[in-house]
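Undergrad: Just passing along the structure, written as structure tokens.
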Amino acid sequence: MLALLLQLCGYLLGLTVLAAFLTIIVLLYKTQPYPNIKRYKDEKFYLDPDTIKTIAFPSLDDPPTLELSVIVPAYNEQQRLPAMLDECMAFLAQKSQQQPDFSYEVIVVSDGSSDATVSVALKYSKIHGADKFRVLELVENRGKGGAVRLGMLSARGRQLLFADADGATKFADYDKLAEALSSLAPEWRHDGIAIGSRAHLEDESIATRSFLRTILMHGFHTLVWIFAVRSVRDTQCGFKLFTRATARKLFNSLHVQRWAFDVELLYLAERLQLPMSEVAVRWTEIEGSKLSPFWSWLQMGIDLFMIWLRYMVGAWRVAASQKKEN
Ligand SMILES: Nc1nc2c(ncn2[C@@H]2O[C@H](COP(=O)(O)OP(=O)(O)O)[C@@H](O)[C@H]2O)c(=O)[nH]1
Ligand SMILES: [Mg+2]
């Protein structure tokens, strides 16, 4: 009886090893090591509402021509977007009045929205002008990571920030991120990331969250720690600031287009040993999140494991040959 049981265990072990081996072979041969960044022709242009002309976006590979680019990924955000944009544009206008050499642009990336997100955003472009405010309309939904990436690849700033469309972060906290970034990287050619963080709010959020969400949150943090990122406490905050040099490296190497993209970015940053600093930001939970607690977290868990596995076996690689910096 015992011998039979042992034999069965042996078979099972053998099968598991074989399955793992086959998975690795399939991953190695079926996965492209570098991301294939898809961008349709219509997605290469923005509309200038004054002249009603479409103009080609510049490239992240070009030299920078202004101080800050703000990328706002927006998927069906007609309701939540105006409050965020009002706060952001008022802050930036005031800042550039106080510091005349502070120049900026905002790029709203509609991620294949089916509501009025694009027309809401275009109104801001009309009011502020297409030099300060551009709309990138993706014809197909990519997921937050894909939308942020295409916005970054179209931006002109020496520093590039991405910020969620719901205005959950107080936009004025950009100043804190900028201060942290300039002490890590005084110039845009240097590497650095300032990461908005809600880690200091964890105890408070546990008090207001349901038990299930708290368990999922801890489970997620543990998975992130095991599989990907160890030096950052809050990987998911939608408020991160990069130097142009770092944005070039990371967004050209990014594979994940869905929610786990932040984790891949920070995983890459750790591997490339880029300087990072986590900065506490003010945060308000805004109604209308489209993340369903259970399924999105399950999907993120799987994505995390797959990020780890693909880089481990070499199916994904870091885009090593970086273009010459202008
Ligand atoms: N749900 C969702 N949000 C997206 C997508 N692409 C971009 N986003 C943007 O990602 C940001 C974060 O979304 P939100 O629903 O507030 O998620 P949460 O704050 O992490 O719970 C918002 O700016 C969304 O508009 C997408 O495909 N789905
Ligand atoms: Mg949100």
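The values are calculated or read from the model by the stated rules, or taken from the named source; none is laboratory data. Computed from a predicted structure; not experimentally measured. With ideal geometry, Cβ positions are generated from the backbone for all residues, glycine too; neighbour counts draw on all protein chains shown.
Undergrad: Of these, Gly219, Gly167, which one is of a type outside the set (Phe, Trp, Tyr) and surrounded by fewer than 18 Cβ atoms within 10 Å (Cβ to Cβ)?
TA: None of the others qualify; the one that does is Gly219.
Undergrad: Only one residue in Glu264, Glu278 is among the charged types (D, E, K, R), at pLDDT 95 or above, within 16 Å of ligand 1 (Cβ to nearest atom) and within 19 Å of the chain's Cα centre (by Cα). Which one?
TA: The conditions single out Glu264.
Undergrad: Of all residues in segment 270-305 being among the aliphatic types (A, V, I, L, M), within 16 Å of ligand 2 (Cβ to nearest atom) and part of a loop (DSSP other than H, G, I, E, B), which is nearest to Tyr75 (Cα to Cα)?
TA: Only one residue fits best here, namely Leu291.
Undergrad: Same structure, new question: Please give the number of the condition Pro82 fails out of (1) in contact with a helix residue (DSSP H, G or I) (Cβ under 6 Å, 6 or more places away or on another chain); (2) within 16 Å of ligand 2 (Cβ to nearest atom).
TA: Against the list (1) in contact with a helix residue (DSSP H, G or I) (Cβ under 6 Å, 6 or more places away or on another chain); (2) within 16 Å of ligand 2 (Cβ to nearest atom), Pro82 comes up short only on (1).
Undergrad: Among the residues of segment 170-187, write down those that are surrounded by fewer than 21 Cβ atoms within 10 Å (Cβ to Cβ) and either among the polar types (S, T, N, Q) or more than 25 Å from His221 (Cβ to Cβ) (or both).
TA: Once the filter is applied, which keeps residues that are surrounded by fewer than 21 Cβ atoms within 10 Å (Cβ to Cβ) and either among the polar types (S, T, N, Q) or more than 25 Å from His221 (Cβ to Cβ) (or both), segment 170-187 yields Ala172, Asp175, Ala178, Glu179, Ser182, Ser183, Pro186, Glu187.
Undergrad: Just to be sure I understand, how many residues within segment 249-269 are within 16 Å of ligand 2 (Cβ to nearest atom) and either outside any loop (DSSP other than H, G, I, E, B) or farther than 24 Å from Thr222 by Cβ (or both)?
TA: 2
Undergrad: I need the full set of residues from segment 36-70 which are surrounded by fewer than 18 Cβ atoms within 10 Å (Cβ to Cβ), among the charged types (D, E, K, R) and out of contact with any Leu (no Cβ under 7 Å at 6 or more places or on another chain), in order please.
TA: Selection gives Lys38, Lys41, Asp42, Lys44, Asp48, Asp50, Lys53, Asp61, Asp62.
Condition check ((1) in contact (Cβ under 8 Å) with a residue 12 or more places away in the chain; (2) among the aliphatic types (A, V, I, L, M); (3) surrounded by fewer than 20 Cβ atoms within 10 Å (Cβ to Cβ)) across all residues:
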| site | (1), (2), (3) |
| --- | --- |
| Leu254 | yes, yes, no |
| Ser289 | yes, no, yes |
| Ser292 | no, no, yes |
| Trp295 | no, no, yes |
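Undergrad: With the requirement that a residue be assigned to a strand (DSSP E or B), of a type outside the set (A, V, I, L, M) and touching a residue at least 60 places away in the same chain (Cβ under 8 Å), what does segment 87-138 give you?
TA: Arg134, Glu137
Undergrad: Inside segment 236-247, can you point out the residues that are away from ligand 2 (no atom under 15 Å from the Cβ) and surrounded by fewer than 24 Cβ atoms within 10 Å (Cβ to Cβ)?
TA: Correct list: Ala245 only.
Undergrad: Identify the residue in segment 143-167 that is more than 7 Å from ligand 1 (Cβ to nearest atom) and part of a loop (DSSP other than H, G, I, E, B) and, among all such residues, is farthest from Arg248 (Cα to Cα).
TA: Gly167
Undergrad: Just need a number here: residues in segment 189-221 that are assigned to a loop (DSSP other than H, G, I, E, B) and within 22 Å of Pro63 (Cα to Cα).
TA: So the count comes out to 4.
Undergrad: Could you please give the count of residues in segment 1-56 that are modelled with pLDDT under 90, over 30 Å from Arg317 (Cβ atoms) and either in a loop (DSSP other than H, G, I, E, B) or small (Gly, Ala, Ser) (or both)?
TA: Result for segment 1-56: 4.
Undergrad: Restricting the search to segment 168-188, which residues are touching a residue at least 24 places away in the same chain (Cβ under 8 Å), assigned to a loop (DSSP other than H, G, I, E, B) and either closer than 18 Å to Ser103 by Cα or within 16 Å of ligand 2 (Cβ to nearest atom) (or both)?
TA: Selection gives Ala168, Lys170, Glu187, Trp188.
Undergrad: I'd like to know if segment 240-248 contains one or more residues that are among the charged types (D, E, K, R), in a helix (DSSP H, G or I) and closer than 21 Å to Arg189 by Cβ.
TA: There is at least one residue in segment 240-248 that is among the charged types (D, E, K, R), in a helix (DSSP H, G or I) and closer than 21 Å to Arg189 by Cβ.
Undergrad: Quick test for you: out of Glu43, Glu87, Glu105, pick the one residue that is within 16 Å of ligand 1 (Cβ to nearest atom) and either in contact with a strand residue (DSSP E or B) (Cβ under 7 Å, 6 or more places away or on another chain) or of a type in the set (S, T, N, Q) (or both).
TA: Among Glu43, Glu87, Glu105, only Glu43 is within 16 Å of ligand 1 (Cβ to nearest atom) and either in contact with a strand residue (DSSP E or B) (Cβ under 7 Å, 6 or more places away or on another chain) or of a type in the set (S, T, N, Q) (or both).
Undergrad: Please go through (1) part of a strand (DSSP E or B); (2) closer than 30 Å to Glu187 by Cα; (3) of a type in the set (A, V, I, L, M, F, W, C); (4) away from ligand 2 (no atom under 16 Å from the Cβ) for Val72 and return the number of the only condition it doesn't satisfy.
TA: (4) is the only condition that Val72 fails.
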